[in-house]
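The structure under discussion appears below in the form of structure tokens.
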Amino acid sequence: MTTNKLARPERFFEDRFGLTSSALERLLGSHLVGRVDHADLFLEYRVSEELTLEEGAVKKASRHVSQGAGIRAQSGERTGYAHTDDLALPNLEEAARQARAIADQSSGSMAVAVRSGRPHDLYTLAEPPVNAALDRKVALLLKMDAAARASDPRVKQVIASLGSEDVVVLIATPSGWTVGDVRPLTRLNVTVIVEENGKREIGNYGGGGRVPFDFFLEADRGEADRWRRYTSEAVRQATIKLHAVEAPAGEMTVVLGPGWPGILLHEAVGHGLEGDFNRKQTSAFSGRMGQKVASDLVTVIDVGTIANRRGSLNVDDEGIPTRRNVLIEKGVLVGYMQDRLNARLMGGEPTGNGRRESYAHQPMPRMTNTFMLAGQDDPDDIIRSVPHGLYAVNFGGGQVDITNGKFVFSASEAYLIEDGKITRPVKGATLIGSGPEALTRVSRVGHDLKLDEGVGTCGKDGQSVPVGVGLPTIRIDGITVGGTQV
Amino acid sequence: MLDLLGDVLKRARERGATAADAFLVEDRAFSAQVRLGRVDTVKHARAQHLSLRVFSGKSAAAASTSDFSRTSVERLVDEAVSLARITAPDELSGLPEANVLAREIPALDLDDPTGHDLSPEEKIELARRCEAAALGADPRITNSEGGDFADRRARYAYAASHGFAAEYGTSSFSLSTSPIASENGHMQRDGWYHVTRKRARLDSPEEIGKTAAGRALRRLGARQVKTAQVPVVFDPDMAASLVRHVAGAVAGPSLYRGASFLLGKLGRQIAAPGVTIIDDGTISGGLGSRPFDGEGLPVLRTVIVDKGVLTSYLLDTYSGRKLGMASTHHAARDGSGVTVGTTNLYLAKGALDPKDLIGSVKQGLYVTELIGFGVNGVTGDYSRGAVGMWIDNGELAYPVEEITIAGNLLDMFHAIEGVGNDLVFRDRTASPTVLVGRMTVAGA
């Protein structure tokens, strides 16, 4: 596969599978046109590669190719969806017939004329990460192993992995409109196990994005090279946990550090503002448009247009260019995230948030890069303002129950705040809160907005998509901390 | 299928691989979702996946594709062989010894040849009835995330260069619904499901719908409780999640990486004497059953924990060699090669009626749902969001939410004071109701 071919999705599927634009138009036209409110074909070709180092050597390497087509026909609230791995035309025709069968008559609702706009150009790379030379990748993983072990004698195990993929997609509708995208993505991750006096702990760190392999070798904001920073972060987190005390249990003031703790927003409000849940009135935020759902200090946006970010897209998986969507403005709920179906049924417009894991999945409203805008406060002042509480700076995953609004996110690095000072590290603990309430308790917002390193993956209805989050330092006056210390 | 695998292995050898194995899955799947009585989504799927592992001396690599065209498969093999040249040699890598391979392929009754003959309309009707039963159960059931029917028929084939080649087929059917109950402006969602390998054994749509409605209704009016250290009763599905944590900690890769809270505990008491955990891949018609593992070894019944004593790890060939032990025949294929996986994993049933387990608790928590990922597999530290019912004087008194439960898995397993008699294989991992003597519940 050459870069040149990848830059032209239309040509790619024509050259490789004989799927010319006229063949696609015939396929969609003869089976779908005029009978449904919306129909589309999604073609996808994905090459991915994974290298893993453990015990000082790269012993695992794998390369994967997946390809397929998803065909969708929608009528009213109904969707017929069919997908196949086999891109031969007769298979696609069978899939189109299956998709159409259920949506065979138009609901009569007017198909919304969607202004599609031009796709962005956020991540054209001279060399996609999946094509970078294997020996350079192996050398990097070996350097990380050596650096981790050299940095601290308590490091007993280092597992470093580098995953890369390149995805070519083409979206076509019966009107003959097509849009393509080529999406590179890479992620470098390091896990260390440390041991001291028979006690073991684990530390994890990593980063990435829609960036070339060399991204990991570059210095970041004048600091160390990224790979070196990831490695020392993993070691630092693991060794700090060795001496962590039991985490407190119960409701208290919590200060969240900048960056990845933005997962709070993703869980507390992000999912609840996806169009499908609100159309179905199953979200704790249903019917709350225009209402106050956060303190005045809080503005939350979802932005799919930041160059080279993991959560960014030139166009979403329905061909709509991504954009900047304001979800909460100065505490007031002002926007939902929409795909075509839910926008049509709610009388709104698609917001560039129609995403799917692959051709084998139908699109849903999903987040891209979700973060809170910076405030005025000095982060140190925020910590000094807390007599007793928790300062949480790194998190594992989170989850939310959309309907009752309860969400969790699990701190993996946290400290007690005593008399305005950060004191002892505490063990990992899950924080639990209520989406519509948690952000009303935000009393301080720092000026230090940071986006995460580029490692987020969001799961919804069994579909995983890459996302980003971000946050300045914030103070929340009361959230339940799930430690063991009563 | 076996012909394709034969060609793949032959080409791998021709390209210089010293050994190779390959795994192939082909399936057809259908799903229908009905919401508020109307068809929401109907999905037809046809998928195929070939994965290959090659050895070049003591170096290994893996590759996979969903494109079965001749050129694509040839390219897959060539890429795998060239990848194996850049990976570091490992003395312990390689296929299992030929003498441990499965000689006979047991008939495990995993396929339902006649179960898939329903029309799409009939399948939609099952989903509709399931949701309708939930919607009609109570006026407080006001909304729904839908009723779902799905079926899948798959064929699996495995071949290895030392002579193994076999295939088998499976079926699965599932029916579920997620109703929403509301009262005083607050909504609660819950659901119920059933999964089987034989369509005729699926619970009736009405039964599933009614159960789902009951689960959503009992959450209405849920509140926080005060932070306290109390006994915690896990319902069967939530107890099964604890069993999964044990399986993760005794999986070979977690052990040889030193990333397990059960490291070095083989032969030691790791749980209360009432706890016996078994993995049995030979159960006829079992959701986790398979005739051979991902490396062609016959499946077994393995006692992992016997009356509280850790008696076996879960190993594939490589992790077994790393630990100086034999494979326990738990190899599973993933995209990147071979990993360790369970089959039908369960905590053996005890003697107590679940009602009596709850009845034995003066003040405590009955857990019906857990959310979040707050489990540290290295230390066993555990902290997750929970939903359930508060137990007051042995009775389920009122629903609770926005709380967490926390402890350490090793302490929790030692503190299991009672195991119910209500073991049902509803999923690949199953457990009866379990009572843990003391955990921290964090709330207001």
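The values are calculated or read from the model by the stated rules, or taken from the named source; none is laboratory data. The shown structure was predicted, so the numbers you read here are calculated from the model rather than taken from an experiment. For neighbour counting, all protein chains shown are included, and Cβ atoms are generated from backbone atoms with ideal geometry for every residue, glycine included.
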For this session: Look at B:V367 and say whether it is aliphatic (A, V, I, L, M) and under 20 Å from A:S410 (Cβ atoms).
Result: yes
For this session: Would you mind finding the one in A:T239, A:T231 that is touching a Phe, Trp or Tyr at 6+ places or on another chain (Cβ under 8 Å), more than 12 Å from chain B (Cβ to nearest Cβ) and under 28 Å from A:K199 (Cα atoms)?
Result: A:T231
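Filter segment A:127-147 down to residues that are touching a strand residue (DSSP E or B) at 6+ places or on another chain (Cβ under 6 Å) and within 14 Å of chain B (Cβ to nearest Cβ) and give me whichever is surrounded by the fewest Cβ atoms within 10 Å (Cβ to Cβ).
Out of the qualifying residues, it is A:V138.
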Problem set entry | Where A:A247 falls short, out of the listed (1) without any contact (Cβ under 8 Å) to a residue 12 or more places away in the chain; (2) more than 24 Å from the chain's Cα centre (by Cα) | (1)
Problem set entry | Only listed residue being facing another protein chain (nearest Cβ under 10 Å) and free of Cβ contacts under 8 Å to residues at least 40 places away in the same chain, chosen from B:S66, B:S31, B:S51 | B:S66
Exercise. How many residues does segment A:167-203 hold that are under 27 Å from the mean Cα position of the chain (by Cα), under 21 Å from A:P119 (Cα atoms) and either within 14 Å of another protein chain (Cβ to nearest Cβ) or small (G, A, S) (or both)?
Worked result: 4
Seminar exercise, completed: The residue that is surrounded by the most Cβ atoms within 10 Å (Cβ to Cβ), considering only those in segment B:336-386 that are within 9 Å of chain A (Cβ to nearest Cβ) and in a loop (DSSP other than H, G, I, E, B), is B:G374
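Residue-wise test of (1) over 19 Å from the mean Cα position of the chain (by Cα); (2) part of a helix (DSSP H, G or I).
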residue	(1), (2)
A:R228	yes, yes
A:E267	no, yes
A:D276	no, yes
A:I301	no, no
A:A307	no, no
Seminar exercise, completed: A careful count of residues in segment A:439-465 that are within 14 Å of chain B (Cβ to nearest Cβ), more than 16 Å from A:P258 (Cα to Cα) and not in a strand (DSSP E or B) gives 3
Exercise. Where in segment B:19-137 are the strands (runs of 3 or more DSSP E), entirely inside, with at least 1 residues that are surrounded by fewer than 19 Cβ atoms within 10 Å (Cβ to Cβ), out of contact with any helix residue (DSSP H, G or I) (no Cβ under 6 Å at 6 or more places or on another chain) and of a type outside the set (S, T, N, Q)?
Worked result: B:19-35, B:38-56
Seminar exercise, completed: When every residue in segment B:244-263 that is over 15 Å from B:D279 (Cα atoms) and not in a helix (DSSP H, G or I) is compared, the one farthest from the other protein chains (Cβ to nearest Cβ) is B:L262
Seminar exercise, completed: Considering only strands (runs of 3 or more DSSP E) wholly within segment A:366-438, the ones with at least 1 residues that are at the interface with another protein chain (Cβ under 7 Å from one of its Cβ atoms) are A:388-400, A:406-418, A:429-434
Exercise. Do we have A:L345 as over 25 Å from the mean Cα position of the chain (by Cα), within 14 Å of chain B (Cβ to nearest Cβ) and modelled with pLDDT under 95 here?
Worked result: yes
Exercise. B:R85: out of contact with any Pro (no Cβ under 7 Å at 6 or more places or on another chain) and either within 14 Å of B:A160 (Cα to Cα) or in the same structural domain as B:G324 (by TED's automatic domain parsing) (or both), yes or no?
Worked result: no
Problem set entry | Hits in segment B:148-196 - residues which are within 14 Å of chain A (Cβ to nearest Cβ), more than 30 Å from B:D117 (Cβ to Cβ) and outside any strand (DSSP E or B) | B:N184, B:G185, B:D190
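Look at B:G136 and say whether it is on the phi < 0 side of the Ramachandran plot and more than 25 Å from the chain's Cα centre (by Cα).
Numbers: on the phi < 0 side of the Ramachandran plot: yes; more than 25 Å from the chain's Cα centre (by Cα): yes.
When the stated conditions are applied, B:G136 passes them.
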For this session: Taking the options B:Y318, B:Y313, name whichever one is more than 19 Å from the chain's Cα centre (by Cα), within 30 Å of B:S161 (Cα to Cα) and touching a residue at least 24 places away in the same chain (Cβ under 8 Å).
Result: B:Y318
Exercise. Right, B:P205: in the same structural domain as B:L110 (by TED's automatic domain parsing), more than 21 Å from the chain's Cα centre (by Cα) and crowded, with 17+ Cβ neighbours inside 10 Å or not?
Worked result: yes
Exercise. Which of (1) touching a strand residue (DSSP E or B) at 6+ places or on another chain (Cβ under 7 Å); (2) at the interface with another protein chain (Cβ under 9 Å from one of its Cβ atoms); (3) surrounded by fewer than 22 Cβ atoms within 10 Å (Cβ to Cβ) does A:V47 not meet, given it meets every other one?
Worked result: (2)
Seminar exercise, completed: Exactly one of A:E165, A:E201 is of a type outside the set (A, V, I, L, M, F, W, C), part of a strand (DSSP E or B) and within 29 Å of A:A244 (Cα to Cα), and that residue is A:E201
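The rows are residues; the columns are (1) at pLDDT 95 or above; (2) β-branched (V, I, T).
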{"position": "B:L370", "(1), (2)": "yes, no"}
{"position": "B:F373", "(1), (2)": "no, no"}
{"position": "B:T379", "(1), (2)": "yes, yes"}
{"position": "B:L409", "(1), (2)": "yes, no"}
Seminar exercise, completed: Result of the Cβ filter at 9 Å on segment B:233-259, keeping first residues that are free of Cβ contacts under 8 Å to residues at least 24 places away in the same chain and surrounded by 21 or more Cβ atoms within 10 Å (Cβ to Cβ) and partners that are among the β-branched types (V, I, T) and not in a loop (DSSP other than H, G, I, E, B), at least 6 apart or interchain, is B:R257/A:I159; B:R257/A:T191; B:R257/A:I193
Exercise. Just a yes or no: is a residue in segment A:466-477 buried (at least 24 other Cβ atoms within 10 Å of the Cβ) and within 14 Å of another protein chain (Cβ to nearest Cβ)?
Worked result: no
Exercise. Has segment B:110-124 got any residue that is touching a residue at least 60 places away in the same chain (Cβ under 8 Å) and at positive phi?
Worked result: no
